[in-house]
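As structure tokens, the structure follows; a few thoughts come after it.
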Amino acid sequence: MFLDSYPISSKSLEKHYHIDGDQLGQQYKDHLSDYQQWNQKAHAQDWLLFPENLGQQLSIDETALSNGELYTIVTNKAARGRKGALVAMIKGTQAEAVNEVLLQIPQRLRDKVAEITLDMAASIQLVVKRCFPRAVRVIDRFHVQKLAYDALQEMRIAHRWDAINEETNAIDNARWEKTPYVPFRFDNGDTKKQLLARSRYLLFKSPDKWSSNQKTRAKILFAQYPDLHKAFSLTHSLRLIFSLTKDKAIAYTKLAKWYNEVTDSGFKAFNTISATIYTHYKEILNFFDNRSTNASAESFNAKLKAFRTSLRGVRDISFFLFRVAKIYA
């Protein structure tokens with residue numbers, strides 16, 4: 001049936017086929033589908049498992065399904081987000097609960113998994129070590145880069161608060177002196193507060209992708225705040241290590257040098273990423289073997305969220321997961 005193959009809601013068919021979407025949805029659930037005979041219905045809210053979809057390259061990630069409830073999702077990269085992609089979907093992120101489900105897969109199948117991409121969550125690390133001991137663990141490069149971006153934005157925001165306080169004090173002084181307040185503006189028309197607020201997005205980009213206005217704003221920003229210039233250079237150089245380096249040994253040397261530069265910078269905001277690289281450098285460097293990322297898992301999570309949005313929320317979790325299984329498992 002049409003609803004078995006596509007992530008759409010019965011409600012969305014109303015205007016095209018002049019039907020009662022709610023009634024169609026109920027009929028599909030009770031009679032037209034095999035939901036009532038589904039062999040995973042009894043435990044669907046807690047876990048789904050499809051060992052037949054296991055492949056050599058997996059991704060593992062977590063996503064919020066309904067009311068903030070987190071689910072751990074294991075997907076097969078080879079399926080490219082289509083049918084056969086879903087290997088397991090387990091409520092929660094606790095290693096013990098996830099292990100209990102994944103260990104139901106025969107060990108001979110789990111031992112065939114050669115590589116798994118994941119983030120840096122400690123619970124996920126424990127799951128992979130226990131359930132897929134022969135698989136190479138690859139920490140997603142974009143999670144590493146995000147830590148650097150977050151550190152840079154933290155520094156920008158701190159400067160912005162200082163600018164806000166400075167402007168507030170200047171306005172109060174002008175009011176006290178009964179004189180009009182005229183803020184200082186840079187050559188591009190930005191006040192200091194506006195400069196810091198409007199620089200947010202350019203700091204995420206590579207300089208070769210800046211517009212002419214962003215180039216002007218960046219030049220002013222870095223002249224006013226040399227520490228942001230240095231921090232941006234660190235995040236950009238990390239991006240280039242992942243983007244341009246092909247050899248794992250060379251990447252190791254570059255990453256070690258980058259780590260030393262971060263340490264020498266003295267930026268407290270970068271403490272988290274330097275500690276992360278120190279702790280997980282082996283799994284981070286595994287990226288350079290096959291250049292594998294967790295993008296497929298992020299894409300799958302986006303599809304689930306889009307499907308959930310099309311349904312205007314999830315009222316019956318078991319039935320929602322039945323449909324997810326029909327489409328992606």
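The values are calculated or read from the model by the stated rules, or taken from the named source; none is laboratory data. Bear in mind the structure is a predicted one, so any value in this text is a computation, not a measurement. Every residue, glycine among them, receives a Cβ derived from its backbone with ideal geometry; neighbour counts consider all protein chains shown. We work out accessible area using only protein heavy atoms, side chains counted, and drop any ligands, DNA or RNA first. Shrake-Rupley method; radii C 1.70, N 1.55, O 1.52, S 1.80 Å.
Hey, can you find the accessible area per residue of region 225-329 for me, probe 1.4 Å, expressed in square angstrom?
Numbers: 5130 Å² over 105 residues.
For region 225-329, the per-residue accessible area is 49 Å².
Here K246 is the anchor, and the aspartates and glutamates within straight C-alpha reach of less than 19 Å, apart from those fewer than 8 places off in the same chain, are E115, D140, E283, D289.
Over the chain, dividing the summed -39,500 (n - 2.57) contributions of all DSSP H runs of at least 4 residues by the number of residues returns a 222 nm mean residue ellipticity of -16500 deg cm²/dmol.
Among DSSP beta bridges lying fully in the chain, give the percent that are antiparallel, nearest 5.
Values: 14 of 22 bridges.
DSSP beta bridges in the chain are roughly 65 percent antiparallel.
Gain on full extension, evaluated as 0.36 nm per residue between Q36 and Y252 minus their Cα-Cα distance, stands at 72.4 nm. Need one word for region 19-158: rounded, prolate or oblate. Basis is the Cα gyration tensor (sqrt eigenvalues a ≥ b ≥ c); a/c below 1.5 gives rounded, then a/b vs b/c decides. The shape class here is oblate. In this structure, the residue pairs whose Cα-Cα separation is over 27 Å, taken from K215/K305; K77/K257; K77/K326; K91/K303, are K215/K305; K77/K257.
What the phi angles of region 184-191 give under the Karplus curve with 6.51, -1.76 and 1.60, with θ = phi - 60°, is a coupling list of 6, 10, 6, 4, 8, x, 7, 7 Hz, glycine and proline written as x. Computed over the chain with a Gaussian network model linking Cα atoms closer than 10 Å, the most mobile of K112, K303, K209 is K209.
With a ≥ b ≥ c the root eigenvalues of the C-alpha gyration tensor of region 144-256, is it rounded (a/c under 1.5), prolate (a/b larger than b/c) or oblate? Mind showing how you got there, number by number?
Numbers: a/c = 4.14, a/b = 2.52, b/c = 1.64.
Verdict is prolate for region 144-256.
In this structure region 117-214 gives 59 Å² per residue of accessible area when probed at 1.4 Å with all protein chains present.
Quick check: at a probe of 1.4 Å, how many percent of the accessible area of the chain sits on carbon and sulfur atoms? Don't jump to the answer; show the numbers that get you there.
Values: 9060 of 17720 Å².
Reported share for carbon and sulfur atoms: 51 percent.
Between W210 and K305, the contour length at 0.36 nm per residue exceeds the Cα-Cα span by 31.1 nm.
Of Y71, Y281, which has the most accessible area with a 1.4 Å probe, and how do the rest follow in descending order? Present the calculation step by step, with values, prior to reporting the outcome.
Details: Y71 5, Y281 85 Å².
Largest accessible area first, the list is Y281, Y71.
The candidate values were (i) 5, 23, 32, 25, 11, 2, 0; (ii) 5, 21, 23, 20, 17, 11, 4, 1, 0; (iii) 5, 17, 19, 19, 14, 10, 7, 6, 3, 0; the one computed from these coordinates for P(r) over Cα pairs in 10 Å bins from 0, in percent carries the label (ii).
At a Förster distance of 41 Å, what's the computed FRET efficiency of A158 paired with A122, Cβ-Cβ distance as r, to 0.05? The partial results should precede the final answer.
Numbers: r = 28 Å, r/R0 = 0.69.
Between A158 and A122 the formula returns 0.90.
Could you tell me which of rounded, prolate or oblate describes region 66-109, using a ≥ b ≥ c as the square roots of the eigenvalues of the alpha-carbon gyration tensor, with rounded for a/c under 1.5 and, failing that, prolate when a/b is larger than b/c and oblate otherwise? Intermediate results must be reported in sequence, preceding the final value.
On the way: a/c = 3.19, a/b = 1.13, b/c = 2.82.
Because a/c hits 1.5 or more and a/b fails to exceed b/c, region 66-109 counts as oblate.
Among the trypsin sites (Lys or Arg not before Pro) found in region 166-208, those both in a DSSP coil and sparsely packed, with 15 or fewer other Cβ atoms within 10 Å of their Cβ, are K178, R185, R200, K205.
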